[in-house]
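Colleague: Have a look at the structure that comes next, please.
A short reminder: the numbers here are calculations on the coordinates, not readings from a lab. From a predicted model like this one, the values you see are computed outputs, not experimental measurements. Note that we place each Cβ from the backbone using ideal geometry, even for glycine, and neighbour counts take in every protein chain shown.
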Amino acid sequence: MKKQAWYQGLAIFSAALTLIFVFVMSQREVKAAPASGAGITGTIKLEGTAPHQRPIDMSKEPACAAVHKANPVTTEKVVAGSGGGLKNVVVYISEGLSGSAENEVASSKPIWDQKGCQYIPHVMGLNPNQHFEVTNSDPTSHNIHPMPKPGGPNHEWNKSQPSGAPPIDNTWQAPEVAIHVKCNIHPWMSGYMVVVKGPYGVSDDSGSFKIENVPPGSYTLTAWQETLGTQTQKITVAAGKPATADFTFKAK
Amino acid sequence: MRTQHLNFIACAVAVLAVCSLSSAQVTKYQEDENLGMEAHVGKLTGHAKDAATNYRRYCAGCHGDLGDGEGENAVWLDPKPRNFTLATFKCRSTPSGSLPTDEDLYNTVGRGLESSNMPSWNPLSDQARADLVAYVKHFSDRWKTEKSGAVIEIPPEPAVNAERIKAGQALFQKLECWKCHGVEGRANGPSADTLTDDQNRPIKPFNFHDQTKFKCGAEDRDLYRIFMTGLDGTPMPSFSDNVKPDEAWDLVFYLRTLQPMHTQEKEIAKQLGLKPINPNAPAPAAAPAAPNAAPTTQPQSNENKPQ
């Protein structure tokens, strides 16, 4: 009788152990899934001739003018490569994300640098509550002045960052496409922070972008460009299968 | 034919009346909901609902019935009246981007804003001004979801001396205040003409050379506060992240030497034979004198090059 009870206990114990093991393993798999999740890649093209970009005269800031002496810089409102690839376009999922995927905050901490009296990058993607750092690599002072829509959920701030000052760490609390950033000391400095929910990508010099870790599903993709506006298209992402989406903006 | 016309006009009037009535009801409802707003200043508690009459009598002409800064006088004014629905305020004791304290707004109502059409409302009772602060707050929902920022404390003012004034001048150059305010504080720096406010309207930097009172007060403490918190909605940034309290006082003392009235600081500057900064000098002009100064204002990277 006693022995039987002992066997019974052992059976229950081993069953419990097996259950726990299975549960842990299944949890691990769930966690690991997005890493092998599909990505969306594509190219942004500009159709037509890129509008003339005005040269920037930095003579009022000799330290910055000296940096660009060999390669004078222009405004960056439309930056197109030789193949027509359009840079600085933010592509994000505007519809179709599940609640958990929508509220996931990217863990990376992108850097918004002020270098040669320009913003690097010129356009930066962010999730709400994702931290970013503002740095100053110049020998001169800047004031960093992001201007979200007045009366909206994000609020304007304006901070001085002298040369050699430590980085400014900050976040935006709500999605906003897009927040204009300017420096009042150097009125030519202009950039955009694009705050969107879920994974996003920003196009590079050749116009290619990549959105990583997109869970399988049907989505609406939106591409945003600072002067050419937005474009959308539908896309379906299958598990573990990379999807592609290309956009073409017409030059105004 | 005549009666047809009259009929048509009567119909139009009726439709318009119904439309305006329904829209008025919507705003009335929202108003009632927000009129519970309070303001706390010292022992005073301001109630928005008690300020409605005073607001309409004294404030609405410029700030508008809806608090949007679009009162009937607004078109004639520069700078424009504040739009309370945006809840962005220049005169704060709190960090850039955060809401001011009730006391900040109370002080602004009492003091008025220099170089603008906003007068001092001190003739109204303390209670009436506290009520008005609550009324100003009731125009934006931001006050329901957010608290005021943490107050940037102002330590007691130290004694002024020559070293502090020189250190302040070095900061004036290093922080590049002169880019807008000009090397002599005449509001003629290289960026001065390009400045715009958050509504993209042209705005001028403060002219230290001509003006005695500042936008948010006339005392040394006010100058300290303006500089540390910045003036939100304008190009004036906050310096509290990068400037220590002692350095901020040095700068206050130096700025006092630029002003038109007689000041103790001006006297000291005269004795020193202090010259305006040279913006083309590679390092702060007053740097050689700085090592003797009590506060350490110079980062290691600065080279001590005499002019």
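Colleague: In peptide A:159-170, how many Cβ atoms from other protein chains are near each Cβ within 10 Å, on average?
Modeller: Averaged over the peptide's residues, the number is 5.
Colleague: Could you give me the ³J(HN,Hα) list for region B:138-148, computed from phi with Karplus coefficients 6.51, -1.76, 1.60 and θ = phi - 60°, whole Hz, x at Gly and Pro?
Modeller: 5, 7, 10, 6, 4, 6, 7, 9, 10, 9, 4
Colleague: Let me know the volume per residue of the alpha-carbon convex hull for the protein assembly as shown, in Å³.
Modeller: 303
Colleague: Kindly identify region A:100-243 as rounded, prolate or oblate by the Cα gyration tensor criterion: order the square roots of the eigenvalues as a ≥ b ≥ c, call it rounded if a/c is under 1.5, otherwise compare a/b with b/c, prolate if a/b is larger, else oblate.
Modeller: prolate
Colleague: Using a 10 Å cut-off on Cβ to Cβ distances, tally the other chain neighbours for every residue of B:178-185 and report the average as a whole number.
Modeller: 1
Colleague: Rounding to the nearest 20 debye, state how big the charge dipole of chain A is about its Cα centre with +1 on each Lys and Arg Cβ and -1 on each Asp and Glu Cβ.
Modeller: Roughly 500 debye for chain A.
Colleague: Let me ask another. Per-residue counts of other Cβ atoms within 10 Å, averaged by peptide: what ranking do you get for B:191-202, B:163-174, highest first?
Modeller: Averaged packing, sorted descending, gives the order B:163-174, B:191-202.
Colleague: Using the Cα centre of the protein assembly as shown as the reference point, and only Cβ charges (+1 on K/R, -1 on D/E), how large is the resulting charge dipole? Debye, rounded to the nearest 20.
Modeller: With only Lys, Arg, Asp and Glu charged at Cβ, the dipole is about 740 debye.
Colleague: In the protein assembly as shown, if the dipole is taken from +1 on Lys/Arg beta carbons and -1 on Asp/Glu beta carbons about the Cα centre, which of B:59, B:98, B:171 is farthest to the positive end?
Modeller: B:98
Colleague: Given 0.36 nm per residue, what is the gain on full extension from residue A:98 to residue A:53 after removing their alpha carbon distance, in nm?
Modeller: Going from the current span to full extension adds 12.2 nm.
Colleague: Take peptide A:142-149, look around each residue's Cβ out to 10 angstrom, count Cβ atoms belonging to other protein chains, and average those counts.
Modeller: Averaged over the peptide's residues, the number is 4.
Colleague: So if R0 is 30 Å, what FRET efficiency would residue B:122 and residue B:78 give, r being the distance between their Cβ atoms, rounded to the nearest 0.05?
Modeller: 0.80
Colleague: For every helix of n ≥ 4 consecutive DSSP H residues, a contribution of -39,500 (n - 2.57) applies; sum these over chain A, divide by its total residues, and give [θ] at 222 nm rounded to the nearest 500 deg cm²/dmol.
Modeller: Mean residue ellipticity at 222 nm (helix-derived): -5500 deg cm²/dmol.
Colleague: Just the number, please: Stokes-Einstein D of chain A in µm²/s, Kirkwood Rh from C-alpha pairs, 4 °C, 1.567 mPa s.
Modeller: In µm²/s, the coefficient rounds to 62.
Colleague: Another one. Rounded to the nearest Å, what's the spacing between the alpha carbon centres of region B:127-187 and region B:217-233? Just the number, please.
Modeller: 2
Colleague: For a footprinting-style exposure proxy, rank A:203, B:120 by other Cβ within 10 Å, fewest first.
Modeller: B:120, A:203
Colleague: Can I ask one more? Over its Cα atoms, what ratio of radius of gyration to 2.2 N^0.38 Å does region A:140-225 give?
Modeller: The value comes to 1.32.
Colleague: Give me the one-decimal nm value for the distance between modelled label points at residue A:173 and residue A:210, 7 Å along each residue's Cα-to-Cβ direction.
Modeller: About 3.5 nm, to one decimal.
Colleague: Please go through region B:115-167 and write out the chymotrypsin sites (Phe, Trp or Tyr not before Pro) that DSSP classes as loop and that have at most 10 other C-beta atoms within 10 Å.
Modeller: Nothing satisfies the criteria.
Colleague: Further, regarding this structure: Helix A:2-32: angle to the longest alpha-carbon principal axis of chain A, degrees 0 to 90, nearest 10?
Modeller: The two axes meet at around 20 degrees.
Colleague: Quote the relative contact order of region B:137-246 in percent (integer), defining contacts as alpha-carbon pairs under 8 Å separated by 6+ residues.
Modeller: This gives 18 percent for region B:137-246.
Colleague: To continue, here is another question. Round to a whole angstrom and tell me the spacing of the C-alpha centers of region A:68-109 and region B:46-95.
Modeller: 39
Colleague: While we're looking at this one, here's another question. Determine, for A:193, B:261, A:58, B:118, the number of other Cβ atoms within 10 Å of each Cβ, and report the residues in order from fewest to most.
Modeller: Least to most surrounded, the residues fall as B:261, B:118, A:58, A:193.
Colleague: Taking the Cα centroid of region A:156-171 and of region A:188-222, what is the distance between the two, rounded to the nearest whole Å?
Modeller: Computed from Cα coordinates, the inter-centre distance equals 25 Å.
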